[in-house]
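See structure below.
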Amino acid sequence: MKWLKKLRPGWGLLPIVIMLVLWEVIARLELFPGQFFFPPFSTVVQEFYYLTVNGVLGDNFFSSLGRVLIGFIAGSIAGILVGTIMGWKDIAHKALNPIINMLYPIPALGWLPLLMLWIGINELLPITIIFICSFFPVLYNTVTGIRNVDKDYIQAARTLGASDARILATVVMPLALPNIFTGLRLEAGMAWRVIIAAEMVAIPTGIGALMMKATNTMRIDIIIVCLIVLAVMCLSFERFFAYLEEKVTAKWR
Amino acid sequence: MPHIELKNICKHICRDVSLEINDSELLVLLGHSGAGKTTLLNVIAGLADYEGSVIFDGVPLDKVAASKRKIGYLFQELVLFPHLDVASNIAYSLKAQKVHKEKIRHRVDSLLKMLKITHLSSRYPKKLSGGEKQRVALGRALACAPKVLLLDEPMSSLDGQTAKHLRAELKQLQGELGITTIYVTHDLAEAEEMADRIAVIHNGSIEQLAPPDEVFFYPKSEAVSDFIGAPNILDCDCYRELEQGVIEVSCGGLPIIVAHEGNAVQRIALFPRDIYISDTCPPGAGVNRFKGTVTDVRYVDDSVRLDVQVGEKKLVTELPHHIFDEMELAVGKEAYLILKLRRIRTYECKCNHNKRG
């Protein structure tokens, strides 16, 4: 029965295949008002091919990817650093927590008008938006993870002769990892959602901008291509961090 | 290994506690939950602020951080680091002290061997049984060759059989290594099994500090007596050997037969629950049977305690509610007692004179 177990992951694709077939049939039979507004899946695939071959999709995709990676990595590193200080030092927590609590609820896109005026419309703008989008949740999860570490572990490490810095590095941070990974996983997907919105509103390049141009030219097939790219990237980023978390923490959790 | 002195320690419930623990001694801190046992351990380990002084070999440690006190602490919950495997848990203190890698490997290997857990070295704590975890925690506490070992109810999470086995091993190990050890428990039998001396702690103060037998047979206060189960303790006037391993002692005129081998018996003790009481004379002949008069009846939790005057001696007996209700026992009524021979504990005379009858 091992072959059955091996097949199991394939079953997850079945609903997607059924959905695509239904999509193709509904569009071909024109059950929706016209193929123009609801192109068949095969047309979308064809358009995906054209956009890839002529480099339009690649250029815009890599623009978005670069912004997401830079903003997300910088925001996450900053979130982990500040979160570590806040989680470990009570005085830092007391000083910064009220400010964080006030800023955290503001949606990343809410900063856009202000940042457009402060930074202007250039590459730094979407990167800053992604930075903000990643920073607060990662920080929040890092603080929670560190402060939730059982004090007994810290006491035990102390009696075993470990310095505070060593306790932080070898006991507290590893035990806070599951929380930190939760923050990273959620925000990795969120970064893509935010960059698309930011590019649609304010930036002339990237997947979001391509979608905006497609809207203006009423190219629904291109919009769908962009949405599929967005879905795949959100899922890939989230899955990557889920995999990483599993790899790092599963053996002891 | 150091001689430990606690001077006027004040922390939480502990008020003005002074205590001395001898070099290489295994001292058991015995007391109810909340009596201040763990607080005292935390004070010695430097994990809590306190008033007073902790002195190792004449050197006050009050300003020395926990990480510098060279103490091995086995926590009640064991607190193994879940993200480290067994070998890394044991090696933790050595790495913290930047010991050379090769030396760490040797030390960890020898501890794994000594504790008979070599086969577990690459396992994570979540995959260990209670007894295995306990061994790993002990190995971790011993890794950096501590001067003092603090054990906070280390057997509380283990089943009786495993705990008994590990206690014997621990006692042997402590004897071999000669580490000054403080062992916390609320279990009298465990304390008697492990201790060189027992310190009975009650409401944050040391009620009695003495060898196990002395605590049992000469409780210094009512609190100590209550804690050990308020046994009937009888002084022996004289004794005679009836046959090998069986003697008869006379306690205030009561001839009591006791299983005993060794020196002269100075005192005997018997828990109230080990004295059978009846309102009618039990049939047949037997040893250690007495007739007396009930002088007091007290309700204690789910049992009833009766004081019975037998000759010059007052014996306290205990029986469950439902059995008491079936009997016609009341103050002033006659009662028949049988002392369970095998349950009588003896305290040998420490002096040389034997009061043979």
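The values are calculated or read from the model by the stated rules, or taken from the named source; none is laboratory data. Owing to the predicted nature of the structure, the values given are computational and were not obtained by experimental measurement. We place every Cβ from the backbone using ideal geometry, glycine too, and count neighbours over all the protein chains shown. Calculation scope for accessible area: heavy atoms of the full protein, side chains included, ligands and nucleic acids excluded. Shrake-Rupley method; radii C 1.70, N 1.55, O 1.52, S 1.80 Å.
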Per the protein assembly as shown, sqrt(5λ) over the Cα gyration tensor eigenvalues, sorted largest first, in Å, gives 74, 30, 23
Taking the Cα atoms only, what angle lies between the long axis of helix A:207-216 and the longest principal axis of chain A, rounded to 10 degrees?
-> 30
Share of accessible surface on carbon and sulfur in region A:61-141, whole %, 1.4 Å probe and ligands ignored, is 78
Quick one: accessible area per residue over chain A, 1.4 Å probe, rounded to a whole number of Å²?
-> 54
Degrees, to the nearest 10: B:160-177 long Cα axis against longest axis of chain B | 60
Separation of alpha-carbon centers, region B:176-235 and region B:73-122, rounded to whole Å = 33
Whole-percent carbon and sulfur contribution to the accessible surface of region B:20-84 (1.4 Å, no ligands, DNA or RNA) stands at 46
State the Cα centre-to-centre distance between region A:16-30 and region A:158-226 in whole Å.
-> 32
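Regarding chain A, what whole-number volume in Å³ per residue does the convex hull of its Cα atoms give?
173
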Mind checking how much accessible area B and A bury in total, 1.4 Å probe, in Å² rounded to 100?
-> 2000
Ordered by number, the residues of region B:68-93 that have at least 40 Å² less accessible area in the complete protein assembly than on their own chain alone (1.4 Å probe) are B:75, B:79, B:81, B:82, B:83, B:92
Antiparallel %, DSSP beta bridges [both residues in region B:108-222], to 5 | 50
Just how far, in whole angstrom, is region B:31-62 from region B:271-344 if you go by their alpha carbon centroids?
-> 44
Hey, what's chain B come to in accessible area per residue, 1.4 Å probe, Å²?
-> 47
Which residues, if any, in region B:113-145 have at least 40 Å² less accessible area in the whole protein complex than in the isolated chain, probe 1.4 Å?
-> B:124, B:126
Given region B:29-128 reduced to its alpha-carbon atoms as identical point scatterers, what log10 I(q)/I(0) does the Debye formula return at q = 0.11 Å⁻¹?
-> -0.47
Within chain B, helix-based [θ] at 222 nm, where runs of 4 or more DSSP H residues each add -39,500 (n - 2.57), nearest 500 = -7500 deg cm²/dmol
Among B:330, B:299, B:194 - extreme Cα towards positive end, dipole of the protein assembly as shown, charges at beta-carbon | B:194
By how many degrees, between 0 and 90 and to the nearest 10, does the Cα long axis of helix B:86-96 differ from the longest principal axis of chain B?
-> 60
